[in-house]
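Since the structure comes first, as structure tokens, the remarks are kept for the end.
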Amino acid sequence: MDDKTITQGQFDVLISYLGTIDIDTLSFEGKEIFVKAWNYVVHTKDLSKVQQLHGLIGRKVVKCVEYMNDYGYTTYPPDYENTDELFGAVCGLFEEVIET
């Protein structure tokens, strides 16, 4: 897999979105976006960002994965190709949260 990149500014916006979300209110698709956003940052291979994200949302990600596995969801779709795709999905996720 190719290295992904994310700037510090983009990362700050991402954690401001993901850190405030109550995952118990998310749809199944919302939980999937949450996990895929996590995977994207992990694949940047930027250890400091991964550690910071883990400290902030690691438990939420585990809870999402457990929920998805409870429903037999074991095959994850491909990761986001670039930061535009990532932020498009995360913005959609944030809109879902606002609507609930």
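The numbers here are math on the coordinates, done by the rules we state, and not lab data. In this text the structure is predicted, and so the values were computed from the model without any measurement. Neighbour counts are summed over all protein chains in view; Cβ atoms, including those assigned to glycine, are modelled from backbone coordinates with ideal geometry.
Exactly one residue out of K49, K31 is under 15 Å from E66 (Cα atoms), of a type outside the set (F, W, Y), assigned to a helix (DSSP H, G or I) and in contact (Cβ under 8 Å) with a residue 12 or more places away in the chain: that is K31. If you filter the stretch 45-60 down to residues that are buried (at least 17 other Cβ atoms within 10 Å of the Cβ) and either more than 18 Å from G92 (Cβ to Cβ) or among the acidic types (D, E) (or both), you find that the one that is nearest to the chain's Cα centre (by Cα) is L53. Taken over the stretch 56-100, the criterion of being in a helix (DSSP H, G or I), without any contact (Cβ under 8 Å) to a residue 12 or more places away in the chain and more than 21 Å from T25 (Cα to Cα) is satisfied by D84, E85.
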